[in-house]
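This report concerns only the one structure given below.
The values are calculated or read from the model by the stated rules, or taken from the named source; none is laboratory data. Just so it is clear, the model here is predicted, and its values are computed rather than measured. Quick reminder, even Gly has a Cβ in these numbers, built from the backbone with ideal geometry, and neighbours come from all protein chains shown.
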Amino acid sequence: MTGAQRREQLLDIGRRLFAKRGFDGTSIEEIAAQAGVSKPVVYEHFGGKEGLYAVVVDREMQTLLTMVTQMTEGENSREKYEDAAVALLKYIEDNADGFRILVRDSDAAGGTGTFGSLLADIASQVEYILADVFKARGYDPKHAPMYAQMLTGMVAFTGQWWLDARKPKVEEVAAHLINLAWNGLAALDPKPRLSAREARRQLSTREGQDDAEGTSTPRASAALVAGPQTSTARVSGPATSTARGERSQASTARGGRLQAGATRLS
């Protein structure tokens with residue numbers, strides 16, 4: 001076996017063990033034993049476990065990032081994104097060990113290549129695509145970075161979930177991803193707002209927080225509602241008293257007439 005072949009063998013064994021047991025749970029002794037070599041051979045190629053792990057992570061990151069870069073090129077179409085979703089899930093299916101390492105503990109060796117930074121790189125590419133789409137549709141392109149994070153996170157977390165679930169099939173998962181992403185963007189509201197009910201709830205929450213903190217906040221909506229009700233209460237008060245007085249006078253008059261009638265009969 002040549003030196004290059006031995007190096008690839010050690011990388012394959014290391015990738016499998018790191019994915020299964022993590023960085024801390026894997027030892028140089030086990031890697032060397034499965035490769036049928038002594039520990040010095042591993043040190044000769046990689047300098048130690050940290051060096052081997054760093055190369056495994058870097059390779060996986062470059063593979064995935066290159067694939068994503070290729071997927072984002074070309075004309076924006078539904079078919080393009082369908083192909084991209086299928087390709088990503090196929091990558092996860094065919095490179096489960098590598099993807100599991102990226103997701104789980106890619107910074108365990110203290111390197112800079114983490115899954116988070118990889119997603120940030122992918123999101124920055126998606127951001128440029130969305131900015132062009134937003135401009136073409138009359139949306140504000142300054143929101144493109146936020147939407148890029150949303151879409152990237154949606155795909156990444158779905159991939160992590162599917163890594164263990166493995167059902168439904170790749171094509172079906174991809175179809176549902178595109179259904180949510182593509183149709184969601186197609187019906188995008190250029191100026192989204194919370195519903196009126198939710199807005200009222202948020203206002204009530206803020207007012208409650210102000211009360212708890214002993215601060216005063218203008219409550220225009222409450223004043224508009226309370227004002228007429230308070231005025232009505234003030235107006236109805238005298239009217240009620242007047243009606244009560246008239247009923248009392250009528251009752252007194254009826255009592256006088258009954259008494260006069262009784263006197264005449266006697």
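Below is a table of values for the structure above.
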| quantity | calculated |
| --- | --- |
| Every pair of residues 6+ apart whose Cβ atoms lie under 8 Å, when the first sits in the range 62-90 and is of a type in the set (Lys, Arg) while the second is not in a loop (DSSP other than H, G, I, E, B) | Arg78/Ile178; Arg78/Trp182; Lys80/Met71; Lys90/Val170 |
| Selection within the range 1-14 - in a helix (DSSP H, G or I) and not aliphatic (A, V, I, L, M) | Gly3, Gln5, Arg6, Arg7, Glu8, Gln9, Asp12, Gly14 |
| Residues that are surrounded by fewer than 13 Cβ atoms within 10 Å (Cβ to Cβ), under 33 Å from the mean Cα position of the chain (by Cα) and either part of a helix (DSSP H, G or I) or modelled with pLDDT of 95 or more (or both), drawn from the range 15-42 | Lys20, Arg21 |
